[in-house]
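Okay, structure first, notes after.
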Amino acid sequence: MSEIQVDTVSEKTSASGVTVDGVVVKDSGLTIPSGGTLTVASGGTINITGATQTGFGVALNTPDFLAATTSSSTWTTSYTIFTFANVISESDAGSYNTSTNRFTVPTGKGGTYMFAINFNVNAGIGWGVKTLKNSTTELWWSMDNYAPYGGTRVITGVCIAELAAADYIEWHKWGSTGFTGGADSVYGVRLHA
């Protein structure tokens, strides 16, 4: 095998760069040909601190949102949608819509999601809560028939679901008699694509 040792390789034609086995090196960067792979050997590091990054992967655990009621929830004897009118945080603006009370998966953001809902119920009253995908598919459902414990209880429900872009999630509540619960909240996050 032959070896060429030089200190500098310069382009012959200005702005054309230097091509080595299909890989083009220019003043502005390094171009790997279509279908090629840039491999970093085991133990190697790509240091991007302070550098501008484009197309270098996706943000972890996004989209995500946290929404809450702005007052105590009213429960009725038929299933009604939770009204989370206060979006506390959200990585993708508009993914949780306070007009429809739904989280909608943004374009290109399908994957595995986790949702958690916290809600308040009064003792001695039967209640039910559903997490629904596209208004019909139950992802999580819980019901308690006349809990004997005194006072108000805080319940948490968690579900994990595979969702595609444009799928939406909503939460519904029911009480055996009408009652006023407490402040409620819901959180959602994409675990991975």
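The values are calculated or read from the model by the stated rules, or taken from the named source; none is laboratory data. A quick note: this is a predicted structure, and the numbers were derived from the prediction, not measured. Please note: Cβ atoms are built from the backbone with ideal geometry, for glycine as well, and neighbour counts cover all protein chains shown.
Quick notes
- Conditions (1) closer than 19 Å to Thr62 by Cα; (2) modelled with pLDDT of 90 or more; number of the one not met by Tyr79: (1)
- Within the range 137-152, restricting attention to residues that are more than 16 Å from Thr112 (Cβ to Cβ) and under 28 Å from the mean Cα position of the chain (by Cα), the residue that is modelled with the highest pLDDT is Glu138.
- For the range 89-109, a tally of residues being under 17 Å from Cys159 (Cβ atoms) and within 9 Å of the chain's Cα centre (by Cα) returns 1.
- Residue within the range 150-157 that is under 17 Å from Ala67 (Cβ atoms) and crowded, with 17+ Cβ neighbours inside 10 Å present: yes
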